[in-house]
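The values are calculated or read from the model by the stated rules, or taken from the named source; none is laboratory data. Remember, predicted model here, so these are calculated numbers, not experimental data. Counting neighbours? That spans all protein chains shown, and the Cβs are built from the backbone with ideal geometry, glycine included. All accessible areas refer to the heavy atoms of the entire protein, side chains included, with ligands and DNA or RNA removed. Shrake-Rupley method; radii C 1.70, N 1.55, O 1.52, S 1.80 Å.
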Amino acid sequence: MAANNRRMSGKKGAQVGSGGQRRRGLEGKGPTPPAEMRKGHKKNRVATAKAKQSVRRPAPRGRGGKSASELVVGRNPVYEALREGVPATTLYVQQFIDNDERVREALQLAAERGGIHLMEAPRPELDRMTNGLNHQGLVLQVPPYEYAHPEDLAAAAADAGADPLIVALDGVTDPRNLGAVVRSVSAFGGHGVVVPERRAAGMTAGAWKTSAGTAARTPVARATNLTRALESYKKAGITVVGLAGDGEVEIGELDALGGPVVIVVGSEGKGLSRLVGETCDFRVRIPMPGGAESLNAGVAAGIVLYEAARRRV
């Protein structure tokens, strides 16, 4: 009876509590994730299957060919790619990821853009996909880029009733230079860029970022053989102008820039290759009073494109 009285007494003392579980339970777990990220949901299973197929299946080749799909790895690179409008099909998010600010921003950008599948994947799967790179729990899949054919660029100019203004890159291997050239071509009313199929930069995520979104409206064509593509342009009445430090003509003296023209830019170190240089109708130089030995491809192309656009106005 005495024990019963002690249990019924109003004295305060140590009592067994919930350990804060009730309070935390009331706080909730945040907004409900999209159906594609909810394990067991039908949309999650469908999205998972599609994502695996797109990673493993080789891309079909079209008239200009397609590049392989690409993975952007790491929290900052993924966020920057999404912010700059790089095309993407799937954003893979590691299960139980530390949800920091950069992760939340990447998820928000992907949701706002739409058309990007959100996939939750265990860390071993992301390790396998990235060949062990430090992905930090975020992996963005960039779809294959669909290249145009060199003939398409001249045809687009003809359809617009304009003289073709095209840039061809010979031996340029830095995707950032390709992106910068695409941006300049767009700024000065050009009709596209031609790159060789081998030993040349392609439209990777890095090129997309440097183009600042202009790659969405400025086509890039891929040529199996750049020399033959330039010869085909010449047969169509388009003047081929190559940039060279020892060129015979300065760009300000070349009237051909005011008409149908292909501007060929070589690599910063080696310049134009022998066969490409011999194919050019003119080899022009950019005067540099400051004494610099050479300019990178993006800067050189921008200068000549400005001169061509000035003459056309």
Among GLY266, GLY252, GLY245, which is in a loop (DSSP other than H, G, I, E, B) and of a type outside the set (Asp, Glu)? GLY245
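Condition check ((1) farther than 14 Å from ALA81 by Cβ; (2) more than 19 Å from the chain's Cα centre (by Cα); (3) in contact (Cβ under 8 Å) with a residue 12 or more places away in the chain) across all residues:
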| position | (1), (2), (3) |
| --- | --- |
| ILE97 | yes, yes, yes |
| ARG104 | yes, yes, no |
| ALA110 | no, no, yes |
| GLY114 | yes, no, no |
| HIS117 | yes, no, yes |
| GLU120 | yes, yes, yes |
| LEU126 | yes, yes, yes |
| THR130 | yes, no, yes |
Of (1) touching a helix residue (DSSP H, G or I) at 6+ places or on another chain (Cβ under 6 Å); (2) among the β-branched types (Val, Ile, Thr); (3) within 26 Å of VAL86 (Cβ to Cβ); (4) modelled with pLDDT of 95 or more, ILE263 satisfies all except one. Which? (3)
Taking the options GLY179, GLY189, name whichever one is at pLDDT 90 or above, closer than 28 Å to ARG311 by Cβ and surrounded by fewer than 16 Cβ atoms within 10 Å (Cβ to Cβ). GLY189
If ALA212 meets every condition in (1) open to solvent by less than 10 Å² (accessible area, probe 1.4 Å); (2) in a loop (DSSP other than H, G, I, E, B); (3) within 14 Å of GLY298 (Cα to Cα) apart from one, which number is that one? (1)
For the stretch 84-124, give me the residue count where each residue is under 17 Å from THR204 (Cβ atoms) and open to solvent by 40 Å² or more (accessible area, probe 1.4 Å). 2
Yes or no: the stretch 131-144 includes at least one residue that is closer than 30 Å to GLY269 by Cα, open to solvent by 20 Å² or more (accessible area, probe 1.4 Å) and assigned to a helix (DSSP H, G or I). no
Of the conditions (1) part of a helix (DSSP H, G or I); (2) under 15 Å from the mean Cα position of the chain (by Cα), ALA201 fails just one. Which one is it? (1)
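Do you know which residues across the stretch 110-128 are in a helix (DSSP H, G or I) and touching a Phe, Trp or Tyr at 6+ places or on another chain (Cβ under 7 Å)? Spell out the reasoning first.
Within the stretch 110-128, the first condition is being in a helix (DSSP H, G or I), and the residues that meet it are 110-113, 123-128.
Across the stretch 110-128, the qualifying residue is only LEU126.
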Output the number of residues of the stretch 223-276 satisfying the condition of being open to solvent by less than 30 Å² (accessible area, probe 1.4 Å), aliphatic (A, V, I, L, M) and within 31 Å of the chain's Cα centre (by Cα). 16
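Looking at the stretch 282-313 only, could you name the residues that are of a type in the set (D, E, K, R), modelled with pLDDT of 90 or more and assigned to a helix (DSSP H, G or I)?
Let us first name the residues in the stretch 282-313 that are of a type in the set (D, E, K, R), namely 283, 285, 293, 307, 310-312.
Cutting the leftovers down to modelled with pLDDT of 90 or more gives us 283, 285, 307, 310-311.
Answer for the stretch 282-313, where residues must be of a type in the set (D, E, K, R), modelled with pLDDT of 90 or more and assigned to a helix (DSSP H, G or I): GLU307, ARG310, ARG311.
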Quick one: count up the residues across the stretch 156-171 that are in contact (Cβ under 8 Å) with a residue 60 or more places away in the chain and either open to solvent by 10 Å² or more (accessible area, probe 1.4 Å) or among the small types (Gly, Ala, Ser) (or both). 7
